[in-house]
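The values are calculated or read from the model by the stated rules, or taken from the named source; none is laboratory data. If you're wondering where the values come from, they're calculated on a predicted model, not measured in any experiment. Don't worry about glycine lacking a Cβ; one is built from the backbone with ideal geometry, like all the others, and counts go over all protein chains shown. Calculation scope for accessible area: heavy atoms of the full protein, side chains included, ligands and nucleic acids excluded. Shrake-Rupley method; radii C 1.70, N 1.55, O 1.52, S 1.80 Å.
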Amino acid sequence: MPAVGGVVIWNDSSTLCGYTKFVIQRLQYLHNIGHFDAVNAGAQLPLSRLALIHAENGRGKTTLTAILRSLGTGNPLPIAERRRLGTQDQPHVVLECTGGLPQAVFQNGTWNRTLSDLVIFDDVFVAENVCTGLTVGPEQRQNLHELILGAQGVQLHQSLQQLVSRIETHNRDLRDKADAIPTSERNGLTVDQFCALPAQSDIDTAIADAERNLAAAREQEPIRLQLTFTALTLPAIDLPNLTALLNHQLADLQAGAAERVRQHLATLGPEAESWVADGMQRIQKPVAAAQCPFCAQSVADSPVIQHYAAFFGEAYEQLKHTIATTLDGFVTSHGGDTVAAFERSVRIATERRQFWSRFCDVPEITLDTAAVAQAWQRARDVVVAALQSKVNTPLERVPLDDAAQTSIATYQNYCDQIAVLSLRMETANTVLTSVKQRATGANVATLATIVARLHATHARHQPTTAVLCTAYLTEKEAKTQTEAQRDAARTALENYRSAIFPAYQAGVNTYLERFQASFRLANVEPGNHRGGSTCNYQVLINNVRVPVGAGEPANGQPSFRTTLSAGDRNTLALALFFASLDRHPNRANCVIVIDDPVSSLDDHRTLTTVQHLRRLVLDVAQLVILSHNRPFLCRIWEDADSAHRCALQVVRNPTGSTLAVWDANQDCITEHDKRHQRLRGFAAGQITASREVAQAIRPTLEAFLRVAFPEFFPPSTLLGQFRNTCQQRLVGGASGILDAQDLQELRDIVEYANRFHHDTNPAWETAVVNDAELLQFTNRALRFARRS
């Protein structure tokens, strides 16, 4: 496609730089849509680069626009909601196109292809991007935001919205995953706090310690008053010493003397040794001069007295004393209250342990005091019996049999256990003292928080809960990454918007200036809210800013509704549309559809629109304009390239509406031109005499005179009044309008023409038309109208 003077020239190939443009060539078939029943006349009516479609109101113009809107978006709704009433058949559309499949077909609720570069201005555009009725709502501002952004910006915006939508999905998934984590396990922590708890290897010990500290804090006074452990003791049995004592003999006695004494003592009966030993204490020293304490006879010649003296000497006495002392000591230390006291001390220790075990680790007390008492009793009995036996026979060995040794060993084992337990209890007193110190002034709330956190930590790392937390944290990390992407996308969009919005505002105001609108736009800027991005702006009137933003103005305050007329609102819509089209990156390949753009516009704004559309047709692939306003369409038609324009109309047929050729050239001719053409045709012999020719004479003369003498023949003046003015000026000597000859000629022609004019001849409809007479006055009228 060649370019001339920077303008792309249309040709039949419809290509631009190797890219095949999408062009609608024919409206081949319209079935069951609105007023269109089964229209195939369009298959014979080709569409050009500029396609003008005229339709009276209610004939189907809006339906055609809806079909094209559906083609551009792929949305079947604009067609589906216009399905022809009274039929069960589905809508069916066939459009012949270039730039893809040869036919764009809508059937069974879907298109086989769409056109993304089809741009439409109509009531839907106004309602979606400018206002609904008299109100600018959030939806209009959101759509205007995308309109301003254009294709590149919309892509950035869509990327941002997709990321925002993904974040919403993340939030929903996070809520679901958070709800899956039992609240009871979190112990008052938030889900994030709970999932962030690190694993603790000694968690069970830590929980036990923390719970004890909390329990201690709650019972500070009882702890202060409670005593620590006292030592547990049982008198030990020194078995080695006992065995040595029981086996002790006087080693310095001569073996013969000792044997002689034992033999003699054996003859004396039980306790002889004690009796003799006591007697020896009563014999005076030296023994050789002593007398028998019983018979007072001299014992100097006694065969055993010397042996007795050696046997029961000082060593013997010492031995007896040791045995007696040991027995007494044993009996005393193992007296009857010893076990009772021990059992009482064990009971007290057990009670204290039960109290302190709630706050710290204390040794277990598992002693069977009954068994200990029994063992003690058995050991005591065998030791006392052995010592008493030794007392009676100090010089005799008193060996402990196995049963006695077992009894003593069993008891001693208990003693060892008790000693170890007692040592552990004494060691635990250090811990108990620490518990007392910690309990004093402890903060219960703080300790309770610590306990709860430890329990939460334990629950957090249980297998089932750990899986739930991992799922939550994974989703949270995914959300964090998406948020980073969203922030980057938002920055890119903000950078783009900061450049686009001021330029768009300038473009809109340029068009408003061309339309000579009394207002401008100010502070056109994007905004963000939960529902998405939006556009806020102000209408500047007499340097007063009227906000068109998120909030409605207070009652009595200027607003969009009260400051802009219907024409202003339509002008603003056109300015917004044209400014966005100027920024379209693929405008040269766009099919532009415009439906009734001059509704509510005055003559100047209509002219400005016509002029812009004439320029626009040179810059796009195709321009389709629909309107009920014939003069508006004719003004576009007149200056368009005749090789690349076409005109259609929607007309009535017996079943609804159909398509037909529209003779725009004929409609572009004015009534004056038609009347003048009728007179010329009759004068040239091209048409026959008729009442219409005769009736055209007077209005042709009036039109000429109004143009020739506008100051004397304004629109409100009748032809008779104009003739009178001409006559008065002629008689009065003033500069004439018509000379006498012209005035008389005008009078003669009008006199003839009045015979066929309703307000000068009541029988005008029956006046006879004479061909020769009509030809004469037709020629005279044409000559008069050619006067300079």
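Of note:
- Accessible-area order (highest first, 1.4 angstrom probe) of the listed residues PHE36, PHE294: PHE294, PHE36
- Close amide H pairs (under 5 Å, H built 1.01 Å from N) link ALA647 with LEU52, TRP662, residues at least 5 positions away or on another chain.
- Percent of Cα-Cα distances greater than 44 Å, calculated over the chain: 65 percent
- Principal-axis tilt of helix 771-785 within the chain, Cα atoms, nearest 10 degrees: 70 degrees
- Residue-normalised accessible area of the chain, given per residue in Å² at a 1.4 Å probe: 51 Å²
- Rounded to 10°, Cα long-axis angle of helix 444-460 versus longest principal axis of the chain: 70 degrees
- On full extension, the segment bounded by LEU730 and ASP603 gains 41.8 nm, given 0.36 nm per residue less the C-alpha separation.
- Probe 1.4 Å, all protein chains present, accessible-area order of ARG141, ARG218, largest first: ARG218, ARG141
- Distance between the pseudo-spin-label points of GLU751 and ILE348 (7 Å out from Cα toward the beta carbon): 16.0 nm.
- Heavy-atom accessible surface of the chain: percent carbon and sulfur, 1.4 Å: 50 percent
- Backbone HN-Hα couplings from phi across the range 740-756 [Karplus 6.51/-1.76/1.60, Hz, Gly and Pro as x]: 5, 5, 5, 5, 5, 5, 4, 5, 5, 5, 5, 4, 5, 5, 5, 5, 10
- Label-to-label distance for GLN405 and ASP361 is 3.9 nm, based on points extended 7 Å past Cα in the beta-carbon direction.
- Across the range 108-114, coupling constants 3J(HN,Hα) worked out from phi with the 6.51/-1.76/1.60 Karplus curve, θ = phi - 60°, read 6, x, 8, 8, 7, 6, 9 Hz, and Gly and Pro carry x.
- Here the calculated FRET efficiency for ARG172 and LEU225, from their Cβ-Cβ distance with R0 = 45 Å, stands at 0.20, rounded to the nearest 0.05.
- In Hz, Karplus ³J(HN,Hα) per residue of the range 692-701 (6.51, -1.76, 1.60; θ = phi - 60°; x = Gly, Pro): 4, 5, 5, 5, 7, 5, 4, x, 5, 5
- The ellipsoid that matches the Cα gyration tensor of the range 586-715 has semi-axes, each √(5λ) in whole angstrom, of 34, 21, 14, with the longest given first.
- With each label modelled as a point 7 angstrom along the Cα→C-beta vector, the THR491-HIS529 pair spans 2.8 nm.
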